[in-house]
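The values are calculated or read from the model by the stated rules, or taken from the named source; none is laboratory data. Nothing here was measured: the structure is a model prediction, and the numbers come from that model. Cβ placement follows ideal geometry from the backbone for every residue including glycine, while neighbour counts extend to all protein chains displayed. Quick note on the areas: whole protein, heavy atoms, side chains included, nothing else; ligands and nucleic acids left out. Shrake-Rupley method; radii C 1.70, N 1.55, O 1.52, S 1.80 Å.
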Amino acid sequence: MTGAPARTLLLWCPDWPVLAAEIVDGVPATGPVAVLHANRVVACSERARAEGVRRGLRKREAQGRCPQLTVVEYDPGRDARAFEPVVAAVEELVAGVEVVRPGACAVAARGPSRYLGGEEAAAERIIEHVAQSCLVESQVGIADGVFAAGLAARAGRVVAPGGTPEFLAGLPVEALGRSALADLLRRLGVRTLGDFAALPAGDVLARFGFDGALAHRLAAGRDHRPLAVRQPPADLTVTSEHDEPIDRVDAAAFVARALAEQLHERLAGHGLACTRLGIEAVTEHGQELHRVWRHDGLLTAAAIADRVRWQLDGWLSGSNGRAGARAARPTAGIIRLRLVPDGVIAQAGLQAGLWGETGEERERAHRALSRVQGILGPEAVVTAVLGGGRSPADQVRLVPWGDERLPARPGPAAGARAGEGTPPWPGRLPPPAPAVVLPSPLAATVHDAAGEPVVISARLAVSAAPARLVVGTGQPAEIVGWAGPWPVDERWWAPAEARRRARFQVSLADGAALLLAVESGQWLVEAIYD
């Protein structure tokens, strides 16, 4: 590769994972906050740093340094969603933005510097615009290449053209972002990027491999990676305005059909299909209504129209609340209707059935269940998703029909794929799984053959073999077989959330089989086996 690196302007938002947690989840970034991934701090707030919290610390050590620390789990999806408005704000001033990572985006500096009055003026204008539009503090760095511009942004510097190698020379090798390589270089006596850049390129390639050679080029200021310019997302939203408010279901159905066809044509023009549809309405009195519909397949124009009609029917008839409840009808008719394709994928990414289509029976069932949701609300129809956990109740999550079927906790298969050396859920019950999991465990008593209560010691010693079981105020039942105990000691490090119990499987003389648990000396019936 030949030629000098392109002048690059990079905008950086400090502590972005912390700010994203505040934007999305409402966690105050002004307090002591730490974002954790794999039990280690990956980002922290300024207040937390003042208390001694640093990146790389384990959770317990970080909490030891700052007892008031608020811990937030790392979520790259949350970071990306929160950063999208910042990127959009930058795109209002300059074109050709590349998202380096959530919290940092870059653009070629030549254009903004020419029409905004120079590089420093462009940097100030972009920082001010992001602050006013998104209420987010940021810093801008300008240098030759993306790598150097990122380091300059952390110092808020504009490196003069041709001065990038000198700027990089005094920085520590940890600035490369390769911890293993930096540790090895320090043990070899190479402490700065200038020292690393002075090494012969051939020797670096032979000793450190291709990645080391790439880092060597970056350290010398020879970053030739071109910007991967982001295409601004197309505006796929469709809206209809109405002078006469819509307050009848038949009129709403007519509007829904026309708007659905318009949205479908716009999506088809971009080669896209909608999998998640946002329906927004504004009444004559300014009341705003919103609902999101999800679908695990292709939403055709007819399917979009059906869902819009069902939703408008639910709003206008006042029957759109949760199951068993009735929502208040809007105080006026609808004057604005808006369809937002909240989730889109390329049509080529849709998976058809084995014979080309998903089948009429499946589609009829989906339409019927979606119709029920339109009348009673999304949580009126739910399906079970199996995930990880130690008890049967922990392993099942109920999700509304059409939502993404994601488990609340990773299951054993996910842990095995991740290459974990130990089972992901130690203490998990062996198969088979119980057929019925009780929503609330039933109190019970267990006695031995002599009629004495069976107790479990702190060392999990059973006082005697269980012989009889009484559930609530029912009749005693003879226990003919039992297995256990399976102990569980969860969240012992958090006294307010700690839970310790032992579980047993028992079979009764009448053929029934139950899952029992002992917690705080109390026997409970948690589930029933088929």
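Here the range 93-190 is treated with +1 on each Lys and Arg Cβ and -1 on each Asp and Glu Cβ, and its dipole about the Cα centre works out to around 240 debye.
Ordering Leu267, Val238, Ala281 by the projection of their Cα atoms onto the charge dipole of the range 200-291, which places +1 on the Cβ of Lys and Arg and -1 on the Cβ of Asp and Glu, puts Leu267 at the extreme positive end. Kirkwood radius and radius of gyration were both taken over the C-alpha atoms of the range 1-107, and their ratio Rg/Rh is 1.08.
If R0 equals 51 Å, the separation of the Cβ atoms of Leu205 and His270 corresponds to a calculated FRET efficiency of about 0.70.
Put a plus charge on the Cβ of each Lys and Arg, a minus charge on the Cβ of each Asp and Glu, and nothing anywhere else: the dipole of the range 39-126 about its Cα centre is then about 620 debye.
Rolling a 1.4 angstrom probe over the range 128-233 with all protein chains present gives an accessible area of which 57% lies on carbon and sulfur atoms.
Using the Cα centre as the reference, give the magnitude of the dipole from point charges on the C-beta atoms of the range 118-162 (Lys, Arg: +1; Asp, Glu: -1; all else neutral), rounded to the nearest 20 debye.
120
Selection among Pro495, Gly481, Pro453 by position relative to the dipole of the range 428-517 gives Pro495 as farthest towards the positive end (Cβ unit charges, Cα centre). The string of couplings for the range 99-105 from the Karplus curve (6.51, -1.76, 1.60, θ = phi - 60°) is 7, 6, 6, x, x, 8, 9 Hz, one whole number per residue in order, with x for Gly and Pro.
One decimal place: the segment Val436-Ala88 gains 120.3 nm when fully extended, by the rule 0.36 nm per residue minus the C-alpha distance. Of the residues Gly150, Leu176, Gly162, the one whose Cα sits farthest towards the positive end of the charge dipole of the range 58-200 is Leu176 (charges of +1 on Lys and Arg Cβ, -1 on Asp and Glu Cβ, taken about the Cα centre).
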